[in-house]
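Asks: My structure is below; once you've seen it, I'll send some questions.
Taken together, the values in this text are just the output of simple stated rules run on the coordinates, not laboratory data. Here the structure is a predicted model, which means the values were calculated and not measured. Quick reminder, even Gly has a Cβ in these numbers, built from the backbone with ideal geometry, and neighbours come from all protein chains shown.
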Amino acid sequence: SIDREFIDSLPKAELHLHIEGTLEPELKLELARRNGVDIGQSTVEQVRATYSFTDLTSFLSVYYPAMEVLVTEQDFHDLTIAYLRRAAADGVVRAEIFFDPQAHTSRGIAFSTVIDGLWSAVQEAPSLGVDAALIMCFLRDHSAESARETLEASLPYRDRIVGVGLDSDERGNPPEKFAEVFAAAQNAGYRMTMHCDIDQEQSISNIATALHTIGVERIDHGTNILEDPSLVAEAKQQGIGFTCCPVSNSFVTNQMKGAEITQLLREGLKVSIASDDPAYFGGYVGGNIAALAEAQQLTRDEVVQLARNSLEISWADDARKQEWL
Ligand code: ADE
Ligand code: ZN
């Protein structure tokens, strides 16, 4: 099997990481105390006991309420620095960090509080050995109007945000609901990715819409593309990036989807591995690669390819990419 030291030694990009999903129980409790928020638990064991998920919906119903402890700019800063330290230890040289402004603005936290806290950490990231960037995600279970307002709110901070994504509950919330918002975001200069979660009712049609109507450069998860070989061929030809999260998959769908991830990799698609919500699922990027490599008996060359893919499909400056590759 492939040792962790080898995996961690490879320079890599993490491209599918929800910053709110890096809130470890210890920091959650500290922020709850600091902000005087009663989260109903007072020990790490009690917090962990609430982490039993059977699907995406049950995960999200624990995930969103926990965000109550994130109140001040300092909280968002501290959360991000804690993540960056862990990422650096796993060999991450580039982190493209998702954040969900609506999960905060909807409970009265100003957009500026969120972005200022995240941004000061992004600026500190190089001192931790990481080149970091922010991707703003719209919550697909909120209205298109709310996404539009969020896009508007982001425009004064356009230079701090590299792209937009789409996350949260996919059921009944297909990509076309956000076609206009994504078109406006693209016009504003944002790069585009979006979640096409595992085994959704309309997975394959949502993937087709993401590629054809929205025109995304990357798909987050997206392994259901295997149901349509013509879409696989198209994604390969266009160099579409995939950000797959095996440990997360094993929580929200009961299986890693390791065979599917490996098949896409072996067919030459630009597959990368990431950790999604590591504080909840218990694996940062190195752990995700190790779990996949073990389950699928990946070769060293394949593990190297996963790391190279992540850098290639990242949205870093070309000059930086050349240094890493
Ligand atoms: N938000 C955070 N994690 C998510 C996931 N795995 N799918 C959709 N939305 C999310
Ligand atoms: Zn995700």
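Asks: Can you tell me how the range 29-174 classifies by the Cα gyration tensor, rounded, prolate or oblate, using a/c under 1.5 as the rounded cut? Show your work: numbers first, answer last.
Replies: Numbers: a/c = 1.42, a/b = 1.05, b/c = 1.35.
Note, shape of the range 29-174 comes out rounded.
Asks: Need one number: nm distance between label points at ASN254 and ARG48, each 7 Å from Cα along Cα→Cβ, rounded to one decimal.
Replies: If labels sit at ASN254 and ARG48, their model points lie 2.5 nm apart.
Asks: Let's test the formula: R0 of 56 Å, r as the Cβ-Cβ distance of ASP228 and ARG33. What FRET efficiency results, to the nearest 0.05?
Replies: It comes to 0.65.
Asks: Set the Förster distance to 56 Å, then compute FRET efficiency between GLU180 and ARG4 from the Cβ-Cβ distance, nearest 0.05.
Replies: The value I calculate is 0.80.
Asks: Using every Cα-Cα pair within the chain, state what percent have a distance larger than 32 Å.
Replies: 21
Asks: Order of 36-44, 175-183 by packing, highest average Cβ count within 10 Å first?
Replies: Numbers: 36-44: 12.1, 175-183: 18.6.
Per-residue mean Cβ counts within 10 Å order the peptides as 175-183, 36-44.
Asks: Below 19 Å, Cα to Cα, which lysines can LYS321 reach? Residues fewer than 8 away in the same chain don't count.
Replies: LYS12, LYS270
Asks: Okay, next question. Compute the length gained on full extension between ARG158 and ASP199: take 0.36 nm times their separation in residues and subtract their Cα-Cα distance, giving the result in nm to one decimal.
Replies: 11.4 nm
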